[in-house]
1. Whether any residue in region 74-92 is in contact (Cβ under 8 Å) with a residue 24 or more places away in the chain and within 14 Å of the chain's Cα centre (by Cα) is what I want to check.
2. Considering only region 129-165, state which residues are open to solvent by 30 Å² or more (accessible area, probe 1.4 Å), assigned to a helix (DSSP H, G or I) and in contact (Cβ under 8 Å) with a residue 60 or more places away in the chain.
3. Could you list all residues from region 88-128 that are among the aliphatic types (A, V, I, L, M) and open to solvent by less than 30 Å² (accessible area, probe 1.4 Å)?
4. Is it true that some residue in region 35-54 is over 18 Å from the mean Cα position of the chain (by Cα) and open to solvent by 40 Å² or more (accessible area, probe 1.4 Å)?
5. Restricting region 109-128 to residues that are under 26 Å from E20 (Cβ atoms) and outside any helix (DSSP H, G or I), which is farthest from the chain's Cα centre (by Cα)?
6. Out of all the residues in region 12-22, which are touching a residue at least 24 places away in the same chain (Cβ under 8 Å) and open to solvent by 10 Å² or more (accessible area, probe 1.4 Å)?
7. Condition test on P68, is it under 16 Å from the mean Cα position of the chain (by Cα), of a type outside the set (A, V, I, L, M, F, W, C), modelled with pLDDT of 95 or more and open to solvent by less than 20 Å² (accessible area, probe 1.4 Å)?
8. Any idea how many residues of region 106-159 are β-branched (V, I, T) and in contact with a Gly (Cβ under 7 Å, 6 or more places away or on another chain)?
Amino acid sequence: MTDIRRLAVFCGSNPGARPEYVEGVRALGKALCERGIGVVYGGSSVGLMATLADTMLDELGDIIGVIPKVLVEREVANTALDDLRIVGSMHERKALMAELADGFVALPGGIGTLEEFFEIWTWGQLGMHAKPCGLLNIAGYFDPLLAFLDRAVDERFVRQAHRDMVIVESDPRALLDRYASYVPPRVVKWVNAGTI
C-alpha cells in the first residue's frame, strides 16, 4: 500500500483543443481535495496548469508550484500560490517535484509533459524510487502513446513488468484508488537478450 499525501502533476501549458481536457483536470483537482491529497506542479499560470492550480485553490487544497527563474521572467509564474518555489533550472524543478511527491501523474500536454513523465517513470524502472506513475487518459488522449508502449513491449525494448508500472485510468477517482494499492515491481531492467 502506498501512502499518497502529495502528487506531482505534469500537464500542458496550453488548454488543448477539447473542453474535456479542462473538465478532466478540474475533476482530478476536486478528487484530490476530497481525499486530502496535495499537489506539486510546474508553477505556471497558463493552460491546464492554471486550471489545476485554480481548482486546488478554489477547493482549498494544498498546492506547491515549482518554476525555473527563466519562466518567472517570462511572466508565467502563478503568483496566486502561497507556496511558489523558484529554482535555477528545469533539472532542479524536476528534482524538487520528485522529492516533494509520493506519486506522479501526467495529464494531457505536449513534449514537456511527456519528457517529465518519461524521466520519472525511467527513474522508477531503474529502482531510483518506488512511487506510482500514471496517466489520466482524458478523452483518450494517451491512446496512441499506450499503443506505442505496447509495441515497445512486443519488440522487446520494454519489459512487460515495467510497462505495467504505468497506471492508466480515465476517471480520476479510479486512478487514485489504484495509486493507494500500488506495489512496485521487483524486476531488474537489464536482462540477457531473448529473455524479456
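1. No.
2. Result: A139, single match.
3. M97, A98, A101, V105, A106, L107, I120
4. Going through region 35-54, the residues over 18 Å from the mean Cα position of the chain (by Cα) turn out to be none.
No, that holds for no residue.
5. Per the criteria, the residue is G110.
6. Filtering region 12-22 down to residues touching a residue at least 24 places away in the same chain (Cβ under 8 Å) leaves 12-16, 18, 20-22.
Once the filter is applied, which keeps residues that are touching a residue at least 24 places away in the same chain (Cβ under 8 Å) and open to solvent by 10 Å² or more (accessible area, probe 1.4 Å), region 12-22 yields S13, N14, P15, G16, R18, E20, Y21, V22.
7. No, not satisfied.
8. 2
The values are calculated or read from the model by the stated rules, or taken from the named source; none is laboratory data. Note that the coordinates shown come from a computational prediction; the quantities given were computed from them, not determined experimentally. Glycine gets a Cβ as well: all are built from the backbone with ideal geometry, and neighbour counts include every protein chain shown. Each accessible area value is taken on the protein alone, full model and side chains, heavy atoms only, with ligands, DNA and RNA left out. Shrake-Rupley method; radii C 1.70, N 1.55, O 1.52, S 1.80 Å.
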